[in-house]
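Structure record follows, encoded as structure tokens.
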Amino acid sequence: QKEVEQNSGPLSVPEGAIASLNCTYSDRGSQSFFWYRQYSGKSPELIMSIYSNGDKEDGRFTAQLNKASQYVSLLIRDSQPSDSATYLCAVFYNQGGKLIFGQGTELSVKP
Amino acid sequence: ETGVTQTPRHLVMGMTNKKSLKCEQHLGHNVMYWYKQSAKKPLELMFVYSLEERVENNSVPSRFSPECPNSSHLFLHLHTLQPEDSALYLCASSDSISSETQYFGPGTRLLVL
């Protein structure tokens, strides 16, 4: 059973702080990793993808991947109230072409 | 219309009703997906269609019946549902079965009474 695990939260951070969201996955053969943002009542929106070990930065967002530890994280710098949403970690398994999602971490950024 | 659209956006039905969810993608993609999202649970993949052929059926109860008449349209026919089927049903599309990037529709919020 391929699994993706996230803390469901809620994670609460003050405005301007760094929010750190974590995800672990079970299959060592996984190659592609994604972070989706889902606002309440809306559909998931892809915000970051990462394929290699290390960091990938895009604006205020940084994705970090450690394949040896089977761990992927998302850092949000200078958090804004508009970042308040549920963040879904997803792992793509080449066999069968499946995208497996974690249960999501709810982030709340307080003004 | 652009992207992936779904209708209706909200649906309330009794356990004896029959209803259908519709999804349409305007991206020229060849693969379409149905997902179920229940509260505090991961998205569950239900069905995958590639070029109108079903390639995945994740042990979904027969009270859910998908239909893909062409690569742009996907339906989910519902009959004799249970209250535990209440959830957000999301449609997504991708360029190919090996494509990692999926584009989601807004979802249909279903309540079964």
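Counting only residues that are more than 14 Å from chain B (Cβ to nearest Cβ) and touching a Leu at 6+ places or on another chain (Cβ under 9 Å), which one in the stretch A:86-111 is nearest to A:Ile47 (Cα to Cα)? Among them, the one singled out is A:Leu107.
If the condition is being in a strand (DSSP E or B) and among the small types (Gly, Ala, Ser), then the stretch B:12-37 contributes only B:Ser20. With respect to being part of a strand (DSSP E or B) and at pLDDT below 95, A:Val109 falls outside the description.
The criterion of at least 3 residues that are in contact (Cβ under 8 Å) with a residue 24 or more places away in the chain and within 14 Å of another protein chain (Cβ to nearest Cβ) is met, among strands (runs of 3 or more DSSP E) falling completely within the stretch B:67-113, by B:87-94, B:108-112. For the stretch A:66-77, indicate whether the set of residues that are within 11 Å of chain B (Cβ to nearest Cβ), of a type in the set (Ser, Thr, Tyr) and over 22 Å from A:Val13 (Cβ atoms) is non-empty. No, every residue in the stretch A:66-77 fails to be within 11 Å of chain B (Cβ to nearest Cβ), of a type in the set (Ser, Thr, Tyr) and over 22 Å from A:Val13 (Cβ atoms).
Residue-wise test of (1) without any contact (Cβ under 8 Å) to a residue 40 or more places away in the chain; (2) buried (at least 19 other Cβ atoms within 10 Å of the Cβ); (3) basic (Lys, Arg).
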site	(1), (2), (3)
A:Lys2	no, no, yes
A:Ala19	no, yes, no
A:Thr24	no, no, no
A:Tyr36	no, yes, no
A:Gly54	yes, no, no
A:Ala85	no, yes, no
A:Gln103	no, yes, no
A:Val109	no, yes, no
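If I filter the stretch A:15-27 for residues that are at pLDDT below 95 and away from every other protein chain (no Cβ under 14 Å), do I get at least one hit? For the stretch A:15-27, residues at pLDDT below 95 and away from every other protein chain (no Cβ under 14 Å): present. Checked against (1) in a strand (DSSP E or B); (2) at the interface with chain A (Cβ under 9 Å from one of its Cβ atoms); (3) more than 9 Å from the chain's Cα centre (by Cα), B:Lys40 passes all but condition (1). Filtering A:Ser12, A:Ser49 for residues that are part of a strand (DSSP E or B) and away from chain B (no Cβ under 14 Å) leaves a single hit, A:Ser12.
The values are calculated or read from the model by the stated rules, or taken from the named source; none is laboratory data. Source: prediction; values computed, not measured. Here Cβ is always computed from backbone atoms with ideal geometry, including for glycine, and neighbour counts include all displayed protein chains.
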